[in-house]
Amino acid sequence: MKPMEGTSIRKTGILFAYFLIYVVWGSTYYFIGVALQGFPPFLLGALRFTTAGLILLTICCYRKEHIFKKSLIKKSAISGIVLLFIDMAVVMLAQQYLSSSLVAIIASSTTLWIMTLDVPMWKKNFRNPATVIGVIAGFLGVMLLYIEQIRSANQTQPHTEYGVLLLIFGCISWSLGTLYAKYCSSHEEDTNNFAGSGWQMLSAGTMFWIVTLFITRDIPGMHWQDIPVASWFSVGYLILLGSIMAYSAYVWLLKVRPATEVATHAYVNPFIAVLIGTTLGKEHVTWIQITGLMIILCSVMLINKKKAVEQKKE
């Protein structure tokens, strides 16, 4: 019975982890928008990732884990800067030229980049027609979801090509960081998963502090007493659920599931973002967007179903 119980617990953990990166990460689009009503972007990143990293490392110390390993810190710092800092900074810069909807479209291509750059998995991924079709269909679904916003963005916002190039760079950076976290840190013990996440966030937070203090100089102009309560609440949500829980789940899933499968969160997140936008944000959704959402869900189910069949055979 013990092996069966262990398998059941592992499956439950995987399902919960997918819930976090699918649903919770999707909801962060809304909460980031609310937080930015009171905080400058780079200061928000500094507060979010530094606090989350310190909390995770404190928990690891309480559990008496060995968190001060040079190899762990070095690899985690590289992953954190490439995964969190560069990607988030690029997204913020790109939004000077692009609408948030167009940003979401290009960001959804992360799955395609991971699939393309995951050289050790080329033979397995590209011999599987269902996976290839699912990935491409998912990206087309996201484009359909925001097709109306793309047209309006092209008419009202100049120099969109700058934002597109920045975002492509950000997607490649996130994909490389994801693969680095999967392969180069896979030899660390499972007990170091949370410690690794903590060091990643702390390194990203440090970079955000450097930009905030010495480049954008946000602190002197801050009026802390005027920050809305909703913005403070959103920062707490982003720290606890978006970073500590969801990001740790993402790093752990990369150790136990294929990177292409884990990357399907890039397709589900827009679905959750639109769902929350229509309920909390009172946004209007058209039939074209609903069609896009259905395509996204079907593509994710196709990819995950095929992966499940392959694992049973193995």
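The values are calculated or read from the model by the stated rules, or taken from the named source; none is laboratory data. In this text, all values refer to a predicted model and were calculated from it rather than measured experimentally. Positions of Cβ are backbone-derived with ideal geometry, glycine not excepted, and every protein chain shown enters the neighbour counts. Note: areas computed on protein heavy atoms with side chains; ligands, DNA, RNA excluded. Shrake-Rupley method; radii C 1.70, N 1.55, O 1.52, S 1.80 Å.
Highest first, please rank the peptides 198-210, 21-33 by the mean number of other Cβ atoms sitting within 10 Å of their residues. Numbers along the way, then the final one.
On the way: 198-210: 24.0, 21-33: 20.3.
Per-residue mean Cβ counts within 10 Å order the peptides as 198-210, 21-33.
Of the trypsin sites (Lys or Arg not before Pro) in the stretch 207-288, which ones lie in a loop per DSSP and count no more than 10 other C-beta atoms within 10 Å? Please list the in-between numbers first.
Details: sites: ARG217, LYS255, LYS282; in loops: ARG217, LYS282.
Of the trypsin sites (Lys or Arg not before Pro), the ones in loops of the stretch 207-288 whose Cβ has at most 10 other Cβ atoms within 10 Å are LYS282.
Pop out the carbon and sulfur fraction of the accessible area of the stretch 1-96 as a percent, whole number, probe 1.4 Å. Let's see the in-between values first.
Values: 3700 of 5230 Å².
Carbon and sulfur together cover 71 percent of it.
Taking θ = phi - 60°, what integer Hz values does the Karplus form 6.51 cos²θ - 1.76 cosθ + 1.60 yield along the stretch 31-43, in sequence order, with x for Gly and Pro?
Taking θ as phi minus 60°, the curve returns 6, 5, x, 5, 5, 5, 6, x, 10, x, x, 6, 5 Hz for the stretch 31-43.
Kindly flag which residue pairs out of LYS74/LYS123; LYS74/LYS124; LYS74/LYS182; LYS11/LYS70; LYS70/LYS123 have an alpha-carbon separation exceeding 26 Å in this structure. The partial results should precede the final answer.
Working: LYS74/LYS123 31 Å; LYS74/LYS124 30 Å; LYS74/LYS182 15 Å; LYS11/LYS70 32 Å; LYS70/LYS123 34 Å.
Pairs exceeding 26 Å: LYS74/LYS123; LYS74/LYS124; LYS11/LYS70; LYS70/LYS123.
What ³J(HN,Hα) values, in whole Hz, does the Karplus curve 6.51 cos²θ - 1.76 cosθ + 1.60 give for the stretch 78-83 when θ = phi - 60°, with x put for Gly and Pro?
Once θ is set to phi - 60°, the couplings for the stretch 78-83 become 4, 4, x, 5, 6, 6 Hz.
When the chain is fully extended, how far beyond the present Cα-Cα distance does PHE16 get from TYR62, taking 0.36 nm per residue of separation? Each step should come with its number before you reach the end.
Numbers: separation 46, 0.36 × 46 = 16.56 nm, distance 2.38 nm.
Here the segment from PHE16 to TYR62 would lengthen by 14.2 nm.
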